[in-house]
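Report on one structure; see the data block that follows.
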Amino acid sequence: MLQTQELQVNIGPQHPSTHGVFRMLVTVDGETVVDLKPVFGYLHRNHEQIAEANTYLQNMPYTDRLDYFNSMANNHAYAMAVERLAGIEVPERAEYIRVLMVELTRILNHASAVGFMINDMGAWQTPLAFGMREREKILDLFEMASGARLMCNYFRFGGVARDLPPEFIPNLRELLVALPAYIDELERLLRDNEILLQRAVGIGILPREVALSYGVTGPVLRGSGIPYDVRKAEPYSVYDRFDFDIPIGKVGDVYDRFLVRIEEMRQSKRIIEQVLEQLPDAKGGHINPKARQNVRPPVGDAYARIESPKGELGFYLVSDGSGKPYRYKVRAPSFINLTPLADMCRGYKVADIVVILGSIDIVMGEVDR
Amino acid sequence: MPEMSPAELRARLAAALPDALVDVAPLAMTPPPAHGPQPGMFHPPDPFVHPDHLVAAALFVRDTLGYALLSDIAVVDYLYAGCFELVYRFYHPSGGPGIVLRVRVPRDAPQVPSLTPHWPAANFHEREAFDLFGVEFVGHPYLRRIYMWDEFEGFPMRKDFPRQGDKYLGGDE
Amino acid sequence: MMEPPFEIEIPRGRVIEVQRDDSRVRRGGGLLRGMAVIWKHWKESFRLNRSYSQIHGTFTIQYPEEKPRIPEAYRNMPILLYDDETGHELCTSCFQCERICPPQVIHMTQAKDPATGKPVPAVAEFIIEYDACMSCGFCAEVCPFDAIKMDHEFELSTDDHAQLTVHKAQLNRPISYYASIAPTMWAEVRESALKKLQGNIRRRPDVIGIAPHLTERIAARRAELAAQAAAPSPAAEPASPPAPSAPTEARKLTPEEKAAKLAAIRAAKAAQAGDGVTPSAEGGTPAEAPPADDKAARLAAIRAANAAKKAAATDAAPAATGEPTTPTPADDKAARLAAIRAANAAKRKQAADSVDTEEGS
Amino acid sequence: MYDILQALINGTFGWGWPDWLIYLISSLVVVTIILVVAPLQMLFFTYYERRVIARMQDRIGPNRVGPEGIWQPIADGVKMFTKEDIVPEAADRIVHFLAPCVVVAPTILMFAVVPWGPGMTPVDLPTSLLFFFAVSSISAVGLMMAGWASNNKFSLLGAMRAVAQMVSYEIPAVLSLIAIVMIVGSLSINSIIEYQAGLLISNRDLPGIPDLGLGWFVFTPVGFVAFIAFFIAALAEGERTPFDIPEADSEIVAGYMTEYSGMKFGLFYLAQYVLNFLLCAITAILFFGGWQGPGVNWLYAQAITPTNPDGNGLFNVLAGALGVFYFLLKTYIFFFVMVWLRGAFPRLRIDQLMDFGWKFLIPLTLANLFSAAVWVAFTRWGAAEGMLITVGWSPVLRWLAAFIITLAINIGVYLWLTQVYAASQAERRRVELEELSATL
Amino acid sequence: MEVVVQITFGVIAVFILVAAAMVVSVRNVIHAALWLIACFFGVGALYMLLEAEFLAVVQVLIYVGAVSVLILFAIMLTRQITGEGVRQLTNRWPVVLAIATLLFATVLAPTLINQQWNVPPAPPLGTPEPIAGPAELGRGFVNEFLIQFQVVGVLLTVALIGAIVIAYEERARRRKVLTLAEELELKRLREQTSPTVPAPVEAEPVVQESRSASER
């Protein structure tokens, strides 16, 4: 009789594929995962308390640092929350620009998320390098508009920091030529790849029945087959003006999440094309009203959520009538999507943990806040 | 796309769980200023639930009303009023705006029944609330600090937590 | 629990299930297709790709040789602008930026009129802690006088942490520099900014609000004038007067002379602190940006003061030989020349001294 | 080498040295050459891999140190040498120290039987092929030592994986070689190379084919399947990408190398790349004719050899140079393919790797073995061996019949196996679940 | 040449003996296994010295490459990998030594007695040619020693199948860690088969079951 012995292995916090300083206390039986406990907080900086000590506008650059891949999406959610709290109207053109930026962010995030996931499977950087190439182009666009690549700090209450520069749209149109080629190529490279299928199909299944009860959102939820997308479920900004589809998975495994992300890139591209069509007709209004520097919302609370590339990103704000938020709470998608990690990994092999983690697509800046 | 106003929700809850609802008075967030008017009282329209009936109310929202996505649990520390407010936010998987349940517990004995055994989505939310505010979720299977290290003393998001000069930051800064 | 399927009504669009296609028997075709993709990339990678619309080709930017394309809106670290013509800084120390700054790294003190002690719309000292700055650009955005702008310079690495606390002298850039890096953005605000500046200049007495190194340029001239005037004990006067006495003395002098004197003091102090070249001149940040003659003038002024001090301390002769040959300086150029000569003389003297001390020891 | 030295010293100079001295000198020279060449190959391979894979990822790769970054590996080596050598406190110091040596030594030993060109085999053993694989299996012990001595879970896991993988993939590798050995009828690498003279068809199989040194095994169905199987097994033995599980950095950090630093780490690296070189080389030798290529045999016929002592020494050099050129070209192309695979694919999981090896590769190579037997029977056997059908057939007909039959067998087996393999993958989950539901 | 060979032989022989002694005397089992490998290697070298290259290579391939790895695997899988082994030498080691010597002597004695030293033995008439290379070995297998070869092959196959059978039984008895999906699938299967009698575990919601497993 072979007596197997349970072994506790620490994966992380210093580990090549934990996407930052994240630790998983894994109990393994041979190579099979028996239990897993996520441990985090290594990057915790009490973002919420910092925010409560700052004025509303001062928090805008801090939201960039939550999910540093998607600073535009973070900005959007925060700006929406403050606008709801203070009752600020946003000019139409600014809304279009916001949607444009957030959809670009989604493409950027999914390109790198897919790349990182394949990297965790052991592909030597190649899909990641291709994703990064497209990401760099999008970051160039961000830089043109906002002046920074990652920490864009582009959105303002009631608008955006400044209008799009003249060279932005031509460059974006060029990029839109490259994007389908990139996505098709990625599919050709990976979709039928037998090794990827072996590693992804049937791994990390989050069944449809339990996905909702775990509170996961974003591609993880949709990969499990639940068509929940805040953009459709509760359309904010001008999302009700665009045609786009919601891709959902069938089984809820790593492969489904991978395919959902790829399809979402296509849909985002579709939205961007529609934005480009409608943008010239959008009514103006002052895109960056400088008067909004000192927002003093009335007493009350507001919650705004958007479909960030990683899931539902919400900001809950309570105002006590002063220039600083009384309470500032971030509902971080990466953080909540980690809830089912333990159950998703149980019963699979150690090598699958990193792939499952990669398919959830977390950013520790957001998880730890 | 189902839509439910706070008043409607209150009515449904009152019909189903008559004991669960509590009436609360408008709340002052800050002490009244020495001169000038009080900025305003905080009185959200959402139903307030008694902590003892929270689980029943949440399960009613999930199973009967169909709001199966527990999106957020936010804790607000109303230091001046001496209470914590927990804001539970639910969404319907078919879309539409969400509904909110609120629970107020006294600051000195913040105990709320845990939703986690019935609804795993609450797990990390509750652990976070415990870590940062010290709200104790009775019945949580693994109520440990999630961000701070286990030996950390105090609850950093409470309004009376020293901003500077505590034992971790060192003397005067 | 809810039971699937969830019916969701989607106004524009549909819910699509991804094509998994994972039950087909595969015989290695997917692997070969993947290899073909990689092969194409390898083949195409020998040509450079700078186009947004292409996905093949090498897109590396060979950084030190090849600079990245920097768009106009790019923001790195904040800088302060001053007017090329008058030398006046645009900043009026309104504290807007200090207030908005999220990490609170901007610190400034308002200039005061030494005569009356009243605040002047100009800034006396302006410090930005670059090490903690998060480059959010709020300061530039809120500045009502367009005095603070975001720089494009990103090679700021240093092995001296203290250098990242940047003072006004290093933050100053001429408007022409900013107009060269961000032409359209400057053009948008040019009119109003200059108009506001004109209004502010009128409220600034004496040389307050002039960029420090420009006051030094005047100083170089005035220092020599003063040195000439006090013939037997040359250069001692401008170099050694104690700082508190300067304002009292200044009241009696003409504004230009006072400015020169102040500058000389500052230069002398700097010279004492450093060895000939002040840290401010050493710092790479401002050195490249302004037009060359500004920089040279500043350096020369410092050297002149240095030389004068040396002469006073050890031997008057080299400085004296340098100075009488200089005609009364009429323009900056001559002053600079003279200053350089004086500096050279001082350097020679210094070299000789050091040789002496070496022999002695 | 011995022949040349013999001819040079005793023939040209007429010094009349004793044989054993010449033997000693030639051995020393050969050993020196190997010891110089092996690390050089490793240095070149690291540079080569990084450049090629960078190009595949639309990058440039190391290009700062020296022209086009050619000194990059040297710089890395210097870095490696100057780094601190850290031994974990809980490690078994002696074993920890010995492990890299045990890993490196066999890879260098394997060079002993690799022929670089015509007449350029360091040691011409009659069982050189077997020697090659026997020695390569020693490094498994070294890996085990490294993993165990580091006293680290990741290390041990990596070592276990490495050894399990090496041991299991040695079987398909050797089985695919046996097919070749059967056709050649010898275990000597040199005779395998000599067999591959000809043009598309070996001139041993079909006498009369013009000898352009292109009668490679890969052009036959048996050789092709053997080549594919062997190359896959070589990837696993050399821990190259689809099978680089022992050092899967995303899972177990660096596997057995986790606790090594400085030059000991460098030695593992050296062993790995030298092994990769050797595996590429042996693939080139066994299936692509090694140094065989147009012109080599003709040049070598004019040279000084034991059978032709009156040849011209110049032709030795010419034939050697051309042979080495062909050999290295093929080797580098195979390494390119390895890098290409690394650029394209993710890695398998350890159980999938085992599944693939045992359930697909081994049956495939076994079937190929049967094909090889058919090949031998058709091309070589006559009435004496009981092969009565082919009596009286012309060699061309025999060769054609062998080709068609083996092709049919191999394709059929491949298609059938893929079908069965895929089905078994799908079936297993269902069966396991059924078992469980039965037990619970 | 002779001298060199004899010196080499001496060195190798001493090495083998030392290694063998270490195998039985070192404390750590892993070290013992490593010494055993060294011993195997020495034997391989000895074969090489006797110009039995094929045998030497096979010795290395099988003993060093395969058997020793098997031993190492077995040790590492069954023992605490970090723990110091127990002392290998018991108090009764002289007895063991005596027995071993006796056994060795019985094997060696006939050879020693019958051997005519320094004279190459003349092959008796009728004995076949000595089997030298792999080709002859192979021919020997399929011609003269066909039966033996077949028997050995069958034996090995039986052993292999036996191993598989044992391992297969192991797997069925092994504790299986269920994945979330399998849990649900099982639940569904059980509901299909016995819809009327729900086990107490099943009454609880699935999510709770899984939670308790992960937060244990």
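For labels at C:Glu65 and D:Glu435 in the simple 7 Å Cα→Cβ model, what's the distance in nm?
Going from the C:Glu65 label point to the D:Glu435 one covers 6.1 nm.
May I ask you to derive the FRET efficiency for D:Ser27 and D:Ala321 from their Cβ-Cβ distance with R0 = 35 Å, giving the value to the nearest 0.05?
About 0.95, to the nearest 0.05.
Count, for each residue of A:311-323, the Cβ atoms from other chains sitting within 10 Å of its Cβ, then give me the mean as a whole number.
4
Order these by the 10 Å Cβ neighbour count, fewest first: C:Lys195, D:Lys83.
C:Lys195, D:Lys83
Relative to the present Cα-Cα distance, how much length would full extension add between E:Phe145 and E:Asn114 at 0.36 nm per residue of separation?
Stretched out fully, the E:Phe145 to E:Asn114 stretch lengthens by 8.5 nm.
Could you tell me which residue out of A:Tyr214, A:Tyr239, A:Leu190 lies farthest along the dipole of chain A toward its positive end? Charges go on the beta carbon: Lys and Arg +1, Asp and Glu -1, centred on the Cα centre.
Of the options given, the answer is A:Tyr239.
Find the eigenvalues of the gyration tensor of the Cα atoms of chain D, then list the square roots of 5 times those eigenvalues as equivalent ellipsoid semi-axes, largest first, in whole angstrom.
Ellipsoid half-lengths, sorted descending, are 37, 34, 19 Å.
Per 10 Å bin, what percent of the C-alpha pairs of chain B does each bin hold, from zero upward?
For chain B, the pair-distance distribution reads 9, 34, 33, 18, 6, 1.
Shape call for the stretch A:1-116 from the C-alpha gyration tensor, a ≥ b ≥ c root eigenvalues: rounded (a/c under 1.5), prolate (a/b greater than b/c) or oblate?
It is prolate, given that a/c is not under 1.5 and a/b is the larger ratio.
What average number of partner chain Cβ atoms lie no more than 10 Å from the Cβ of the residues making up D:161-168?
2
Could you give the size of the charge dipole of the stretch D:86-349 about its Cα centre, using +1 on the Cβ of each K and R and -1 on the Cβ of each D and E, expressed in debye and rounded to the nearest 20?
In total the dipole reaches around 280 debye.
Comparing A:Gly252, A:Gly122, A:Gly12, which has the greatest mean-square fluctuation in the GNM of chain A with Cα pairs linked when under 10 Å apart?
Comparing A:Gly252, A:Gly122, A:Gly12 in a Gaussian network model of chain A, the most mobile one is A:Gly122.
Just to verify a number: FRET efficiency for A:Gln8 and E:Val3, C-beta to C-beta distance, R0 = 45 Å, to 0.05?
Efficiency, rounded to the nearest 0.05: 0.15.
Where Lys and Arg each count +1 and Asp and Glu each count -1, what net charge lies around D:Ala197 among other residues with Cβ under 10 Å from its Cβ?
-1
Separation of the stretch A:88-155 and the stretch A:166-245 by C-alpha centroid, Å?
14
Shielding by partners for A:330-338, please: the mean number of other protein chain Cβ atoms within 10 Å of each residue's Cβ.
3
Over chain A, with a Gaussian network built from C-alpha contacts below 10 Å, which listed residue (A:Ala304, A:Ala332, A:Ala351) shows the highest mean-square fluctuation?
Most flexible of the set in this elastic network: A:Ala351.
Between C:His167 and C:Arg14, 0.36 nm times their residue separation minus their Cα-Cα distance comes to what?
Once the chain is fully extended between C:His167 and C:Arg14, it gains 49.2 nm.
Under a crude label model (7 Å from the Cα following the beta-carbon direction), how far is A:Asn46 from E:Ser25 in nanometres?
So the two model labels end up 6.5 nm from each other.
What does the charge count near A:Tyr228 come to, summing +1 for each Lys or Arg and -1 for each Asp or Glu among other residues with Cβ under 11 Å from its Cβ?
-1
Please work out whether the stretch C:70-210 counts as rounded, prolate or oblate from its C-alpha gyration tensor, where a ≥ b ≥ c are the square roots of the eigenvalues and a/c under 1.5 means rounded, while otherwise a/b larger than b/c means prolate and anything else oblate?
Oblate, because a/c is 1.5 or more while a/b does not exceed b/c.
Take C:Ala115 and B:Tyr142, extend 7 Å from each Cα along the Cα→Cβ direction, and tell me the distance between the two endpoints in nm.
It works out to 7.6 nm between the two label points.
Hey, got the dipole for the stretch D:27-168? About the Cα centre, +1 on K and R Cβ, -1 on D and E Cβ, debye to the nearest 20?
With Lys and Arg at +1 and Asp and Glu at -1, about 340 debye.
Could you tell me the distance between the Cα centroids of the stretch B:52-71 and the stretch C:85-158, to the nearest Å?
If you average the Cα positions of each part, the centres end up 54 Å apart.
Could you compute the net charge surrounding C:Pro71? Neighbours are other residues with a C-beta less than 9 Å from the C-beta of C:Pro71; K and R count +1, D and E count -1.
-3
Can you give the FRET efficiency for C:Ser192 and C:Asp131, using 1/(1 + (r/R0)^6), R0 = 30 Å, r = Cβ-Cβ distance, to the nearest 0.05?
0.35
Which residue, A:Leu66, A:Leu196, A:Leu100, tops the fluctuation ranking in a GNM of chain A built on C-alpha contacts under 10 Å?
Fluctuation is largest for A:Leu196.
Listing C:Cys97, D:Cys280 from the residue with the fewest other Cβ atoms within 10 Å to the one with the most, what is the order?
Fewest-to-most ranking of C:Cys97, D:Cys280: C:Cys97, D:Cys280.
Tilt of helix B:122-133 relative to the longest C-alpha principal axis of chain B, in degrees (0 to 90, nearest 10)?
30
Sorted by average packing, counted as other Cβ atoms within 10 angstrom per residue and highest first, what order do C:166-178, E:51-63 take?
Going from most to least packed, we get C:166-178, E:51-63.
Among C:Phe145, C:Ile127, C:Gly117, pick out the residue whose Cα is farthest towards the positive end of the charge dipole of the stretch C:70-210, where Lys and Arg carry +1 and Asp and Glu carry -1 on C-beta, about the Cα centre.
C:Gly117
Where a number appears in this text, it was derived from the coordinates with a stated rule and is not lab data. What you see is a predicted model, and the numbers here were worked out from it, not measured in a lab. Cβ atoms come from the backbone with ideal geometry, glycine included; neighbour counts cover every protein chain shown.
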